[in-house]
Amino acid sequence: MAIFTQDNNSCYFIHIPRTGGRYVSSLFESVSNINCEHHKIHQKRIYGIDVTHLHYPLYNDLLHVNDLPHITVVRNPFDKFNSCIANMHKLHGIDYNLKLNSYENFLDFVNVEISIQSYHNNWFLPQNMFVSPKTHIWKYEWGFGKKFVTWVFNKTKIKLTLQDVNYEKFDGETKEKYILDERIKNYIKKFYKKDYKKFKYFW
């Protein structure tokens, strides 16, 4: 999450994990006359949560950004979950089809991740819990080309420039997909039902 300012225009970017947020932040940062606050400070935490991944209403209450336009990127809940699992498998080598072999085990896993293991980075927190009533939403699936740049300008009056950007990656990060059993897909749909409904994703 970051506050981006260009001339007299500012916006607050709500960085939902595994939705292309580091790329988007880097795209903003690549423009020479855009200033940035609250980004690339993963070591700083509030209530044990990385400032970059604060959810609603913590960022309003703690960072005082309620008066700024809010923008964010959401992603198909299954693909987002798969991205998390693929990277965890790359790091730990766990067979998640075996680990998540019942809905009870799936719930245990997700709840432990949300409340303990991934509490600091909010990887598994439902996406609807990040957005405020005033948040402008872009979908990951729409891409980050000219239409995205136009959308950002229409919502914030900040002018981006499309260009190749590099962004920080963590050790062992992968873009490979993890093949999950069909039953686990159904568990994801059930647990993240509000995300599917709110952001109009279908299966």
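Read-outs: derived from the displayed coordinates by stated rules, not from any lab. These numbers come from a predicted model, not from an experiment. Ideal geometry is used to build each Cβ from the backbone, glycine not excepted, and the neighbour counts take in all protein chains shown.
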## Note on the structure
For the chain, inverting the pair-averaged 1/r of distinct alpha-carbon atoms gives a Kirkwood value in Å of 17.7
### Task
Nearest 5 is fine: what % of DSSP beta bridges in the chain come out antiparallel, could you say?
60
### Query
Hey, which of these cross-link pairs are over 26 Å Cα-Cα: 139/194; 157/197; 134/197; 44/177?
157/197; 44/177
### Long-range HN-HN contacts of residue 70 with modeled amide H, under 5 Å
12, 136
### Task
Quick one: check the C-alpha center-to-center distance for the range 178-202 versus the range 44-95, whole angstrom.
18
### Task
Pop out the ³J(HN,Hα) list for the range 138-155 in order, Karplus 6.51 cos²θ - 1.76 cosθ + 1.60 with θ = phi - 60°, rounded to Hz; leave Gly and Pro as x.
10, 9, 3, 5, 7, x, 10, x, 4, 5, 5, 4, 5, 4, 4, 5, 4, 8
#### Entry: Total formal charge among the other residues, if their Cβ is under 10 angstrom from that of residue 79, Lys/Arg +1 and Asp/Glu -1
+3
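Just order 163-169, 145-151, 75-81 by mean Cβ neighbour count inside 10 Å, highest at the front, would you? Working shown, then result.
Details: 163-169: 10.7, 145-151: 13.0, 75-81: 20.9.
Taking the mean over residues of other Cβ atoms within 10 Å, the ranking is 75-81, 145-151, 163-169.
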### Summary
For the range 92-106, Karplus-derived ³J(HN,Hα) couplings (6.51, -1.76, 1.60; θ = phi - 60°; whole Hz; x for glycine and proline) come out as 10, x, 7, 7, 6, 5, 7, 5, 9, 7, 8, 5, 4, 5, 4
